[in-house]
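Working notes, beginning with the structure itself.
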Amino acid sequence: MPKTYNHLSLEERAVMQVMLDHDYSLRAIARKLCRSTSTISRELVRSGGAVTDPLAAPAPGRPRTACGYRCAKAHQRAQRLARKARVACKMVHGNPLWDRVIETLRGGLRIGIPTA
């Protein structure tokens, strides 16, 4: 049976914010929420996390928020991204790419083999 993923709720994010404000570890937060530590870590990376030394060189990627992790903003961002359109699949039956892959797998095309 495949595993399903339940997104973090606003309440879970609020608990996470309070625990972060009280300097709990990611593992302690994960245990409290009955979630994987990696889920908590990914949420922090996506939505701000703690601010480090302000004089240090900026980290690559998306800039962190000035005030650290905030549950309401993180939840709004997650909802906005969930509504965003996904990229369509390229490997769809009847698509020219699909037909070419099937033909190649059946041995109809010799891609990348130099002829003498």
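Annotations
- Karplus-derived 3J(HN,Hα), 6.51/-1.76/1.60, for each residue of region 20-29, Hz, glycine and proline x: 5, 4, 9, 6, 6, 6, 4, 5, 5, 5
- Among Val101, Val87, Val92, the ranking by other beta carbons within 10 Å of each residue's beta carbon, starting with the fewest, stands as Val87, Val92, Val101.
- Computed from backbone phi, the HN-Hα couplings of region 30-46 come to 4, 4, 4, 8, 6, 10, 6, 4, 5, 4, 5, 4, 4, 4, 5, 5, 5 Hz, rounded to whole numbers (Karplus: 6.51 cos²θ - 1.76 cosθ + 1.60, θ = phi - 60°; Gly and Pro given as x).
Throughout, read-outs are computed from the coordinates displayed, never taken from laboratory work. Since this is a predicted model, take the numbers as computed values, not measurements. Counting neighbours? That spans all protein chains shown, and the Cβs are built from the backbone with ideal geometry, glycine included.
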